[in-house]
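Down below is the structure, laid out as structure tokens.
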Amino acid sequence: MPNLDEILGLLNRVGAVDINRLPLAPNGPPPPIEGDLSANVTPRVGTSSLHVETITGTGEDGHASDDLSVDWIRLASGDWDLCAELDELISADEPVNTRVAWETAAWYQQIHYYGQNWGIFIDEKAVVRIANQVLLKYLAAGGPISATAKKSALAAAQAMLFTHEVFHHRMESASIRVSAIAERSTYPEYHRLVYKEARSLDEPLEEGLANAFMYREFGRRAPGLDGRMSKAAQKYMLASFKDSAPGYRLATDILGSFEYGRALRDLVGRILNRSPWHDSDSWHAEMALALTGALFADDRIPTFMWTAGAANPFTPPLRR
Ligand SMILES: [Zn+2]
């Protein structure tokens, strides 16, 4: 069983973090976002301008700027009442082409950069917007609209976002294992020289893989959904990948087992080498796949719903 203090001690010793500089506040500073706020703009190739480090608001969204007063914890507990506010918001009458940017809907705060404040953060407004889109697909397939359908769509949206972020935790887990074995800093170099230095529209590779992981794992992580809602969620994901930001859109090409496996070897090779240059078909990369299991199980990853500009502890309903 991993222990966060021991992990931080190791990372400090190998120079991968400076524990004296990690944020101390319970919820940390305003969180970073994964990608660019202006996701609709095609970025320049070969620059690191795809990524920004801080966010001061909750990003663009199609709803009123008022924060929702949803009690996500109660919603996620056994009596999952759909409050009137949510009932109204998830009405399946959004324009069909409303796109939700994966890069701002949720994010992962790395152990390396946030210490005790690491974890998965999910923007509640993004959950509602994705649920809306899933519900539209569900209705289009003949599903009846009801409170149950709306709750299922919400659960599907939460499961998607959580699963995407779990992939990022897995890649940080791989880098921590490398640091433990080789006694060297790994993640910050990978993050700076590979993740943030995307050279093509297929990068960051980690985002394409996170989306593909989300799609491939969805059935297993959302087992309570009825078949029609599950299909609607998968349809939504497929449609959204195509016009997603660079990196994120790569998912479309790597959903199959062969392509996914090859891309994952490629990414793990980049993490091992802390460089985009490596032999992805080498047996090193093949063996390194065993490093990519999550250091912390789903229910041990601190998870928060980002609402009203603050992080609220939250347990996604479908991961128990
Ligand atoms: Zn991501």
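The values are calculated or read from the model by the stated rules, or taken from the named source; none is laboratory data. The shown structure was predicted, so the numbers you read here are calculated from the model rather than taken from an experiment. When we count neighbours, we look across all protein chains shown, and the Cβ atoms used for this are built from the backbone with ideal geometry, even at glycine.
Some points to look at:
- Those residues of region 96-137 which are buried (at least 19 other Cβ atoms within 10 Å of the Cβ), modelled with pLDDT under 90 and in a loop (DSSP other than H, G, I, E, B), in sequence order: VAL100, ALA101
- GLY224 fulfils the conditions (1) surrounded by fewer than 21 Cβ atoms within 10 Å (Cβ to Cβ); (2) part of a helix (DSSP H, G or I); (3) of a type in the set (Gly, Ala, Ser) except for a single criterion, (2).
- In region 1-25, the residues that are part of a loop (DSSP other than H, G, I, E, B) reach residues that are modelled with pLDDT of 95 or more and among the acidic types (Asp, Glu) with C-beta atoms within less than 8 angstrom, at least six apart or across chains, in these pairs: VAL14/GLU183.
- Failed item in (1) over 30 Å from LYS150 (Cβ atoms); (2) away from the ligand (no atom under 15 Å from the Cβ); (3) of a type in the set (Asp, Glu), with GLU206 passing the rest: (2)
- Residues of region 194-208 classified as more than 16 Å from the chain's Cα centre (by Cα) and either crowded, with 21+ Cβ neighbours inside 10 Å or not in a loop (DSSP other than H, G, I, E, B) (or both), total: 2
- Residue among GLY247, GLY269, GLY256, GLY261 that alone is buried (at least 19 other Cβ atoms within 10 Å of the Cβ) and more than 16 Å from the chain's Cα centre (by Cα): GLY269
- Among residues of region 232-258, those that are over 14 Å from LEU201 (Cα atoms), free of Cβ contacts under 8 Å to residues at least 24 places away in the same chain and within 16 Å of the ligand (Cβ to nearest atom), counted: 0
- Filter result for ALA233 (farther than 17 Å from GLY269 by Cβ, touching a helix residue (DSSP H, G or I) at 6+ places or on another chain (Cβ under 9 Å) and among the hydrophobic types (A, V, I, L, M, F, W, C)): yes
- Residue within region 227-248 that is within 27 Å of ALA290 (Cα to Cα) and in contact with a Phe, Trp or Tyr (Cβ under 6 Å, 6 or more places away or on another chain) present: yes
- Pick from region 138-179, criterion modelled with pLDDT of 90 or more and in a loop (DSSP other than H, G, I, E, B), ranking: nearest to the ligand (Cβ to nearest atom): ALA141
- Verdict on MET229 being away from the ligand (no atom under 15 Å from the Cβ), touching a Ser or Thr at 6+ places or on another chain (Cβ under 7 Å), under 17 Å from MET160 (Cβ atoms) and part of a helix (DSSP H, G or I): yes
- Condition check for LEU193: within 12 Å of the ligand (Cβ to nearest atom), farther than 22 Å from ASN117 by Cα and hydrophobic (A, V, I, L, M, F, W, C): no
- Residue list for region 111-137, filter: touching a Pro at 6+ places or on another chain (Cβ under 9 Å) and either farther than 22 Å from ALA239 by Cβ or away from the ligand (no atom under 16 Å from the Cβ) (or both): HIS112, TYR113, TYR114, GLY115, GLN116, ASN117, TRP118, GLY119, ILE120, PHE121
- Complete set of residues in region 209-221 that are crowded, with 16+ Cβ neighbours inside 10 Å, over 14 Å from ASP253 (Cβ atoms) and among the basic types (Lys, Arg): ARG221
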